[in-house]
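**Student:** One structure is given below, represented as structure tokens, and several questions about it will come after.
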Amino acid sequence: MFVFPLLASAGAGADERRDVLGLWQTEEKDNTVLISEGEDGLPVKGILAQSKGRPEKEGVMLLSDFSSHEDGWIVTLYSPKRDKYFDALIYRTGQELNIVVDVMFFTHRIVWTALR
């Protein structure tokens, strides 16, 4: 009878990590990204919604190819600065979207902040 509350709280944490839909402010605070859902209610794309420094890039797809992962989502991340695509893991903790990108022998971590 004590196991059920532990399982319920573990499930809630997993759901939170996977809830990445919404509007996010990038680390540099000069861009916002909208992660939207498909017909099935799952994340499908992340579009650059607003860019203070490069408004001509607004509408560019930054996140695509969402694939379920036990810790969140595996995605393809587009870097407009480098004009390159990277595989990344994204997951939510509280009001932060954590993005983990492995590039060669290095792991780069990016944190975006929820706007809504």
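Rule-based calculations on the coordinates, nothing more; no lab input. A quick note: this is a predicted structure, and the numbers were derived from the prediction, not measured. Ideal geometry is used to build each Cβ from the backbone, glycine not excepted, and the neighbour counts take in all protein chains shown.
**Student:** Step by step: first the residues of the stretch 107-116, then only those that are surrounded by 12 or more Cβ atoms within 10 Å (Cβ to Cβ) and either part of a loop (DSSP other than H, G, I, E, B) or among the hydroxyl-bearing types (Ser, Thr, Tyr) (or both), then the one that is nearest to the chain's Cα centre (by Cα). Which residue is that?
**Tutor:** It comes out as THR113.
**Student:** On to the next question. Report yes if ARG54 is surrounded by fewer than 15 Cβ atoms within 10 Å (Cβ to Cβ) and more than 18 Å from GLU16 (Cβ to Cβ), otherwise no.
**Tutor:** In short, yes.
**Student:** A further question follows. Select from the stretch 77-106 the residues that are in a strand (DSSP E or B) and over 20 Å from ALA49 (Cβ atoms) and list them in ascending order.
**Tutor:** If the condition is that a residue be in a strand (DSSP E or B) and over 20 Å from ALA49 (Cβ atoms), then LYS84, PHE86, ASP87, LEU89, TYR91, THR93, VAL100, VAL101, ASP102, VAL103, PHE106 are the ones that fit.
**Student:** Within the bounds of the stretch 29-49, is there any residue that is more than 23 Å from ARG116 (Cβ to Cβ), part of a strand (DSSP E or B) and among the aliphatic types (A, V, I, L, M)?
**Tutor:** Scanning the stretch 29-49 turns up no residue that is more than 23 Å from ARG116 (Cβ to Cβ), part of a strand (DSSP E or B) and among the aliphatic types (A, V, I, L, M).
**Student:** Which ones in the stretch 26-48 are touching a residue at least 24 places away in the same chain (Cβ under 8 Å) and crowded, with 18+ Cβ neighbours inside 10 Å?
**Tutor:** THR26, THR32, VAL33, ILE35, PRO43, GLY46, LEU48
**Student:** Considering the stretch 60-93 alone, what residues qualify as being surrounded by fewer than 13 Cβ atoms within 10 Å (Cβ to Cβ) and in contact with a helix residue (DSSP H, G or I) (Cβ under 8 Å, 6 or more places away or on another chain)?
**Tutor:** SER68, GLU70, THR93
**Student:** Could you check how many residues of the stretch 57-76 are without any contact (Cβ under 8 Å) to a residue 12 or more places away in the chain and assigned to a loop (DSSP other than H, G, I, E, B)?
**Tutor:** Matching residues across the stretch 57-76 total 1.
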